[in-house]
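Read-outs throughout are calculated quantities, based only on the coordinates presented, and are distinct from any laboratory measurement. Small disclaimer: the values here were computed from a predicted structure and weren't measured. In this analysis, Cβ positions are derived from the backbone assuming ideal geometry, glycine residues included, and neighbour counts consider all displayed protein chains.
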Amino acid sequence: MTVQVAQGRMTSEEIARLSKEHTFFSWSVQGAVDPIAIDHAEGVWLYTPDGTRILDFNSQLMSVNIGHGDRRVIDAITAQALKLQYVQPAFATEPRARLGEKLAEILPGDMDKVFFTLGGAEAIENAIKIARHVTGRIKILARYRSYHGATLGAMTLTGDPRRWPNEPGIVGVVRYPDTHRWGEKEPRPVAEALQGLEDVIRYEGAHTIAAVFLETIVGTNGILIPPDGYIQGVREICTRNNILMVADEVMAGFGRTGRWFAIDHWDTVPDLMTMAKGLTSSYLPLGAVAMRHGIAEHFEKNYYYGGLTYSSHPVSLAAALATISVYEADGLLERTTRLGAVMRRHHERLQAKHPSVGSIRNLGLFGILDLVRSRDPYVPLTAFNATSDEMKAVAAYLREHHLYTMVSNNSIHTNPPLSISEDELAEGFAIIDGALDIADQAFQA
């Protein structure tokens with residue numbers, strides 16, 4: 001007997017209407033959502049049921065790194081699904097063995113063991129548990145301009161305002177200063193930022209702190225690239241105070257910056273590292289916590305109080321193995337380094353042309369444009385944790401011209417799939433160029 005999944009082709013309007021009527025959308029006022037219906041995707045392009053083509057300039061949630069519809073990954077998923085769909089995590093499978101071995105090969109330093117989760121938030125949750133189990137301490141240090149996930153522990157670590165309505169969260173989370181202040185063009189001096197961390201450790205007591213968490217490069221809160229010396233400085237402070245350093249690479253990892261992991265740019269090895277998104281290019285849900293050898297050894301004789309029904313899901317692991325093979329076969333890390341220079345030239349051209357472009361940042365294909373009302377003094381086009389009529393108009397222009405990207409606070413994100421061509425990159429920036437004419441109207445010389 002054939003199982004019927006779909007009864008026929010639905011229109012964009014039908015898909016959007018039924019989705020709104022019967023399903024819940026995240027980070028939204030439900031009555032205000034206006035979703036775009038997507039039928040299929042290929043490369044850097046999304047297609048609506050009526051055939052409209054949309055350029056994906058944000059890799060969805062900075063996650064579809066290899067591009068949409070890669071048959072090599074789809075075929076690997078299909079082959080694994082035909083062979084073995086699921087066994088509970090106490091079993092060992094070939095994709096589990098192979099992916100663990102492969103990750104140990106590409107992970108920084110002596111990180112040679114991983115715990116597989118469903119995604120990034122669950123990776124953060126388990127990194128918290130591991131840090132507390134290993135150290136016997138409770139406190140976790142995290143920054144304000146951070147996003148770590150929407151589950152309870154990850155949301156407590158998150159510093160941005162999405163945390164506020166979800167409080168109280170878990171106990172023991174303490175903030176330390178960021179490298180970038182809201183509303184300022186340049187990062188803080190390295191020595192000042194590191195001294196802020198040192199001060200918090202002094203006041204809280206190093207012996208009470210399990211770990212320092214940080215996004216290696218802050219993602220949704222602004223593609224905040226730390227100044228050289230900062231990551232190494234955090235490592236030195238943690239080592240000196242016998243505190244674990246935890247790098248959140250959920251968004252920055254897997255080629256996004258031109259290296260396997262962003263932390264590789266600073267030749268630093270964290271004690272724990274979380275990953276997801278680009279691990280499978282979001283073809284299937286999967287996350288992981290990587291750990292240094294000494295931390296893994298702790299659990300050789302100590303029980304780990306953590307688990308997930310879908311940990312080490314064989315079909316997701318097969319997707320990850322195939323995705324990593326695509327990065328290697330297509331030279332996507334090297335390609336991203338090259339295209340990162342191309343993106344920087346586009347950023348510089350737009351900044352020179354449009355007075356509303358106050359600041360530009362990118363490392364590889366991890367990029368952003370910050371829009372301002374004034375460059376001197378530096379005044380963002382929105383208030384903190386807010387939008388403005390001008391930013392709404394910019395977002396509407398991008399949507400009307402069939403470019404999808406993240407527009408948040410006063411920023412336009414530029415994070416396309418790593419497989420994008422130079423022509424497609426130029427096409428995306430040409431659309432952004434038109435949107436910036438709107439922002440320029442708000443500029444005050």
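Remarks
- For S359, the amide hydrogen comes within under 5 Å of the amide hydrogens of D370, counting only partners 5 or more places away or on other chains and with H modelled in the peptide plane.
- Considering only alpha-carbon pairs that sit under 8 angstrom and 6 or more positions apart, the relative contact order computed for region 71-329 is 30 percent.
- Counting only Cα atoms, the size of region 165-223 along its three principal axes is 34, 31, 18 Å, in decreasing order.
- Global form of region 51-157, assessed from the alpha-carbon gyration tensor, a/c cut-off 1.5: oblate
- The stretch between K20 and Y304, if pulled fully straight at 0.36 nm per residue, gains 98.2 nm over its current Cα-Cα span.
- A396 paired with A341, simple spin-label distance in nm, labels 7 Å along Cα-to-beta-carbon: 4.1 nm
- Of K139/K277; K129/K277; K20/K83; K113/K139; K185/K277; K277/K353, pairs whose Cα-Cα distance is over 32 Å: K20/K83; K277/K353
- In a simple Cβ point-charge model (Lys, Arg +1; Asp, Glu -1; nothing else charged), the chain has a dipole of about 820 debye relative to its Cα centre.
- Per-residue ellipticity at 222 nm, computed for the chain from helices alone with -39500 (n - 2.57) per DSSP H run of at least four residues, works out to -12000 deg cm²/dmol.
- Per-peptide average of other Cβ atoms within 10 Å, ordering 235-246, 188-199 highest first: 235-246, 188-199
- Approximate spin-label separation R72-A386, in nm, with each point projected 7 Å along Cα-to-Cβ: 4.8 nm
- Taking the fewest neighbouring Cβ atoms within 10 Å as the starting point, the ordered list for S359, S411 is S359, S411.
- Spacing of the two label points (7 Å from each Cα toward its C-beta) at I170 and V29, in nm: 3.3 nm
- Cα gyration tensor, region 134-197 - rounded (a/c under 1.5), prolate or oblate: oblate
- The listed peptides 419-427, 11-19, ordered by packing as a protection proxy, come out as 419-427, 11-19 (highest mean of other Cβ atoms within 10 Å first).
- Each residue of region 370-381 is assigned a 3J(HN,Hα), and the resulting list reads 9, 9, 9, 8, 8, 8, 9, x, 7, 10, x, 6 Hz, derived from the Karplus form 6.51 cos²θ - 1.76 cosθ + 1.60 (θ = phi - 60°), x at Gly and Pro.
- Selection from F429, G358, S281 lying farthest towards where the dipole of the chain points positive, charges on Cβ: S281
- Ranked I170, I130, criterion: other C-beta atoms within 10 Å, fewest first: I170, I130
- Between R175 and A142, the built amide H atoms are under 5 Å apart, and every one of these is 5 or more places off in sequence or on another chain.
- The packing ranking of peptides 347-353, 360-366, 107-113, 149-155, highest mean first, is 360-366, 149-155, 107-113, 347-353, where packing means the average number of other beta carbon atoms within 10 angstrom of each residue.
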